[in-house]
Amino acid sequence: MTCPIDHGAPAPITLDPFVTDLDAEGAALRAAGPLVRVVLPGGVGVYSVTHHAEAKKLLTDPRVVKDIDVWGAWQRGEIPLDWPLIGLANPGRSMLTVDGDEHRRLRTLVAQALTVRRVEKLRAGIEDLTTEMLDKLAGVPAGETVDLKAGFAYPLPMNVISALMGVDAAEHPRLKALFEKFFSTQTRPEEVPAMMADLGALFSRIVESKRLAPGDDLTSALIAASEDGDHLSTEEITNTLQLMVAAGHETTISLIVNAVVALETHPEQRALVLAGEVPWENVIEETLRWATPTSHVLIRFATEDIEVGDRVLPRGEGLIVSFGALGRDEAQHGETAGDFDVTRTPNRHISFGHGPHVCPGAALSRLEALVALPALYTRFPDLSLAVPREELRNKPILTQNDLFDLPVRLTATA
C-alpha cells in the first residue's frame, strides 16, 4: 500500500490519526508542495493536493474520477474491507461515487431540493428550532459550564437534516453512535464490517418505511422519482440518504463550533462582529476558510498520469483534497492567510468543494450557521470558553475538523 516515488519529491507525510495539531499538519503539507504523497491511517498510501489553484484544477479535471475500480491498490486487493476508512473510500453507489451523466442524474433531485431559494424557505423552521435550544441553554445557572456542542451545535443541524430527509428523531441516538465509528480513525478493524452493515440496515429500513408511508421529505421524493421512471435504484436512494444525513450534520456542527472558538480566541474580531461593524456572513466565510469544517476529503482516482505543478499524479493512484491545508494557502489568500480576519475581502475559498461534486448542501449549512450564530450571541453576548484553547480536544476524524466537546460559560441577557 505504497505510492510510487517521484524523483525529487519529499518523503511521504503520515497524517496524524489522532489529529492532535491540524494547523501544523496543514502547514507541513503546503510546504511540501502542491501535490504530496501521504500515508492515511492504516498505512494506505495516496496523494494529497494542498494548494488552492492546483486543487481547483484537479476538481474539474475529467481525468480525476470517483470510480474506486480505477484505484490500483483496490484492484490489487491491498485495501482491506475492515480498513477504518473504508466507508469513506467506498460508500456505495450514490452521487458521491459516480461521474459524468450518471452523477448528474443522481444529483439532480437533491440539487433541486437544496437550491438557495428552496433552502431559504427552511429559515423559519431553523429559527424556531434555534430559539427552542437557546431557551434550554438559558436555564443553565450563570457561570456553570455547558457543552455547547452537545446542547446546540450538534442537535440543530441533526434535526434540520433529519426533517429534510424524513428521518425520525427516535433514530438519532443510534445514528450518533454509528457515525462516531464511521468517521473515526480509531474504530477497531474487527468492528468495521458490523458497523457498515448496521448503517446500511438502518437506512434501508428508513427507505422502506417511506415507501409504505411517503411524507413531505426528500427521501420520499427520491422514491417517487424512481417510481415515475427516473430509474433510481433502492441502493442509490439508500446511499444518497446516508450521504445526505452524514454530510448534512457533520459539516454544520464543525462550522458552528469552529466559528465560536475562532471568535472567542480573537476578541478583537469578536468585538467588531458584536458591534455590528462586520456582518455575520463574513464570520461564516472566514471560518470556512481559516478553520474549515472539512479537513481532508476522500477520495478520487487518476485515470492517467496528470501533471500537478512540478509533480505527477500517477495513473491509478488515489487523491485526497486537503482543504485544511489549502484554506491557508498564501498564494490565494495573501501573506495574512494564517490569520483569522473577519474583514477579509475578497474571501474566495473552496471549502465546500469545487466543480461537479461541489457540496449540494452548502446553502443549507450557511443558512443554519447564519441563523444560529447571531442568535447565540444575541442571547449570550458574554459567552466565553470554559477552558483554554489548548485544552480543547480534537476528535480522531481525518475528514472533519471537529472537537469532542465545546465547554463554555453562558451569561444570558435580561
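The values are calculated or read from the model by the stated rules, or taken from the named source; none is laboratory data. Predicted, not measured: the structure shown is a model, and the values here were computed from it. Note that each Cβ is placed from the backbone with ideal geometry, even for glycine, and that neighbours are counted across all protein chains shown. For accessibility, only protein heavy atoms count, side chains too; no ligands or nucleic acids. Shrake-Rupley method; radii C 1.70, N 1.55, O 1.52, S 1.80 Å.
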Can you give the translational diffusion coefficient of segment 251-329 in µm²/s, computed by Stokes-Einstein from the Kirkwood radius over Cα pairs at 10 °C and 1.306 mPa s? 108
Picking from Gly318, Thr336, Leu373, whose Cα lies most toward the positive end of the charge dipole for segment 309-374 (charges on Cβ: Lys, Arg +1; Asp, Glu -1)? Gly318
Order 280-290, 196-206 from most to least packed using the mean count of other Cβ atoms within 10 Å. 280-290, 196-206
Evaluated over segment 1-98, the Cα radius of gyration and Dmax, each in Å: 14.2, 38
Diffusion constant of segment 93-133 at 10 °C, which comes from Stokes-Einstein with the Kirkwood Cα-pair radius and 1.306 mPa s, µm²/s: 132
Under 5 Å, built H, 5+ apart or other chain: amide partners of Thr294: Asn401
Principal axis dimensions, largest first and in whole angstrom, of segment 148-230 by Cα: 43, 33, 20
Point-charge dipole on Cβ atoms (K/R +1, D/E -1) for segment 164-285, about Cα centre, debye to 20: 380
Using a probe of 1.4 angstrom, how much of the accessible area of segment 304-414 is carbon and sulfur, in percent? 46
Centre separation in Å (Cα based) which lies between segment 72-144 and segment 290-312: 21
P(r), alpha carbons of segment 343-412 - 5 Å bins starting at zero, rounded %: 3, 12, 12, 17, 22, 20, 10, 3, 1
Average the reciprocal distances over every distinct pair of alpha-carbons in segment 284-355, invert the result, and give the Kirkwood radius in Å. 13.5
Segment 28-182: Rg/Rh from Cα coordinates, Kirkwood Rh? 1.04
Cα extents of segment 157-288 along the principal axes, largest first, in whole Å, come to 54, 40, 25
Within the chain, which DSSP H helices have Cα atoms that stretch 27 Å or more along the helix axis and a mean Kyte-Doolittle hydropathy of at least -0.5? 192-212, 234-264
Find the eigenvalues of the gyration tensor of the Cα atoms of segment 102-182, then list the square roots of 5 times those eigenvalues as equivalent ellipsoid semi-axes, largest first, in whole angstrom. 29, 18, 10
Please compare each pair in Lys66/Lys395; Lys56/Lys181; Lys57/Lys181; Lys56/Lys210 to a cut-off of 29 Å on the Cα-Cα distance and tell me which ones are over it. Lys56/Lys181; Lys57/Lys181; Lys56/Lys210
If we sort 29-35, 151-157, 375-381 on the protection proxy, mean other Cβ atoms within 10 Å, highest first, what's the order? 151-157, 29-35, 375-381
With just the Cα atoms of the chain, tell me how far they stretch along each of the three principal axes, in Å, largest first. 64, 56, 40
Starting from the alpha-carbon convex hull of segment 205-351, give the projected area averaged over all orientations, in nm². 13.1
Order these peptides, 81-93, 232-244, by their mean beta-carbon neighbour count within 10 angstrom, highest first. 232-244, 81-93
Charged-residue dipole, Cβ positions (Lys, Arg, Asp, Glu), segment 151-210 about Cα centre, Debye nearest 20: 80
In a Debye calculation with equal point scatterers on the alpha-carbon sites of segment 298-414 and no solvent, what is log10 I(q)/I(0) at q = 0.23 Å⁻¹? -1.46
